1. Yes or no: segment 201-217 includes at least one residue that is in contact with a helix residue (DSSP H, G or I) (Cβ under 6 Å, 6 or more places away or on another chain), part of a strand (DSSP E or B) and either under 29 Å from THR252 (Cα atoms) or without any contact (Cβ under 8 Å) to a residue 40 or more places away in the chain (or both).
2. When you go through ASP358, ASP348, ASP315, ASP302 one by one, which is the residue that is among the charged types (D, E, K, R), closer than 16 Å to ALA373 by Cβ and either in contact with an Asp or Glu (Cβ under 9 Å, 6 or more places away or on another chain) or away from the ligand (no atom under 16 Å from the Cβ) (or both)?
3. Quick one: would you say ASN69 is outside any helix (DSSP H, G or I) and in the same structural domain as VAL95 (by TED's automatic domain parsing)?
4. State whether the residues of segment 308-327 include one that is modelled with pLDDT under 95, farther than 23 Å from MET365 by Cβ and part of a loop (DSSP other than H, G, I, E, B).
5. If TYR34 satisfies all but one of (1) within 16 Å of the ligand (Cβ to nearest atom); (2) outside the structural domain of GLU135 (by TED's automatic domain parsing), what's the number of the condition it fails?
6. Restricting the first residue to segment 254-276 and requiring it to be modelled with pLDDT under 95, which pairs with a second residue that is away from the ligand (no atom under 16 Å from the Cβ) meet a Cβ separation below 9 Å and a spacing of at least six or different chains?
7. Of the conditions (1) surrounded by fewer than 22 Cβ atoms within 10 Å (Cβ to Cβ); (2) free of Cβ contacts under 8 Å to residues at least 40 places away in the same chain, LYS113 satisfies every one except a single condition; which number is it?
8. Right, VAL249: surrounded by fewer than 16 Cβ atoms within 10 Å (Cβ to Cβ), within 16 Å of the ligand (Cβ to nearest atom) and over 16 Å from ILE192 (Cα atoms) or not?
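The values are calculated or read from the model by the stated rules, or taken from the named source; none is laboratory data. As the structure is a computational prediction, the values presented were derived from the model and not from experiment. Virtual Cβ from ideal backbone geometry, glycine too; neighbours counted across all protein chains shown.
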Amino acid sequence: MKKNIIPLESGLVTNALEQPVINFSQAELLSRTYPTPFLVLSPLRIIKSINTLRENLPGVKIFYAMKSNPNPAILQIIKNLVDGIDVASFGESSVCREVGISSDNIIHTNPVKKETDLESSVKQGINWFVLDNMEEIKKIKRLAPNANLLLRIAITNPHCIVNLSAKFGAQEQEVLPILKKARAEGLNVRGISFHVGSQCTEPEIYYSAVKYARKIFDEAISAGFIFDTLDVGGGFPISYRDNLPELSVYCTVLRNALKEFFPNDLNVLMEPGRCISGGCISLVTKVIGRTIRNGVTWYYIDDGVYGAFSGKLFDKCDYRLVSNRSGSVEECVVAGPTCDSIDIVAHDQKLPKLSAGDLILVPGMGAYTIASATSFNGFAPPRTIVLHKENQIREEKSGKEIISKRQNRYAVVEM
Ligand SMILES: Cc1ncc(COP(=O)(O)O)c(C=O)c1O
């Protein structure tokens, strides 16, 4: 029954750019059972990223930011590898509960919470929250008076693709007034959190952010606050089309900064999303049409910005498309399958001549992709196939397929 055993991750060129988690023969094989487009998840890649964080940041607690990819399959894989999960809503923490993650291991980091969300989260037993403004104090006092709180501070970082501090984080002059008001209301602020911005392209930012957090700590301590927690957020990038420093480089800068500015005992946690979920998933998509418009070749593929390429819009991300066709390459336009003109995946990628039916692999498709995909125009978002045994895919025509009860979106290739 089982044939065509193909080793995974063999023969792949390794450089700093993200590489597909499977090769073309494997993609071809899978596409006989699973119609394209589909995402392929490699648990091994998740484990590798977490190991890198663990090895390079000893003592720092890892809370996976599930907003980057909330697939329960990822939560199942990592729940025993990380310290907890960073959620942005009760909806996310409900998924955690479904996969057996205790509320004790959840931090709710949305600085501006809907009241019903806060209430439900507290009922679920979540006891760590983040705030960054005065108004939130009222809500927390009423609905979560015993919670452990972190005050989120804004970080200036011109070297990130998604500037989260444009929306969140107290400015320096706001910090003490917020802390004092929280104290006056009997709330328990345990420390500071920050996020340097997502897809941070400059490791040294972690040094300046930790240095700044130290300044804020000192101001708070002088005002009589007892802080014991620092949350250094996420932001660690992956290399889509540009070679960025390795994850370990970012970790080293952060580790040294923590050692320099927080040498004494402190509860330090981080909320990485992209560096865990980004590289572990590749998209397999198919060319469905080709034409020439104004002298430029246009390829139409079966996934687009309304699907897993949603990160093109929401995450300002530019993905690398990989083909196994040989021949000279030319700049072309690659467009998604919907009848909307915004649905263009790439304008400037160089690809060899492709035909309808050809497969394209897209590495680095795990973070902020399927999480924000829609079913616009009736095109269902791609499902995620989880590779079970990391070193093999076997052809199994009647392969057992387990569909997630919650999302109907992932299948497990059983060995
Ligand atoms: C509060 C918070 N923590 C963590 C993350 C994860 O960030 P990244 O995926 O850049 O690691 C985000 C991303 O938006 C966030 O808003």
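1. No, because not a single residue in segment 201-217 is in contact with a helix residue (DSSP H, G or I) (Cβ under 6 Å, 6 or more places away or on another chain), part of a strand (DSSP E or B) and either under 29 Å from THR252 (Cα atoms) or without any contact (Cβ under 8 Å) to a residue 40 or more places away in the chain (or both).
2. Numbers: ASP358 fails: closer than 16 Å to ALA373 by Cβ; ASP348 fails: closer than 16 Å to ALA373 by Cβ; ASP315 fails: either in contact with an Asp or Glu (Cβ under 9 Å, 6 or more places away or on another chain) or away from the ligand (no atom under 16 Å from the Cβ) (or both).
One residue alone meets the criteria, ASP302.
3. Spelling it out, ASN69 is indeed outside any helix (DSSP H, G or I) and in the same structural domain as VAL95 (by TED's automatic domain parsing).
4. So far as segment 308-327 goes, yes, one or more of its residues are modelled with pLDDT under 95, farther than 23 Å from MET365 by Cβ and part of a loop (DSSP other than H, G, I, E, B).
5. (1)
6. Going by the 9 Å Cβ cut-off, the qualifying pairs are ASP265/ASP228.
7. (1)
8. Considered against the rule, which asks whether it is surrounded by fewer than 16 Cβ atoms within 10 Å (Cβ to Cβ), within 16 Å of the ligand (Cβ to nearest atom) and over 16 Å from ILE192 (Cα atoms), VAL249 comes out as yes.
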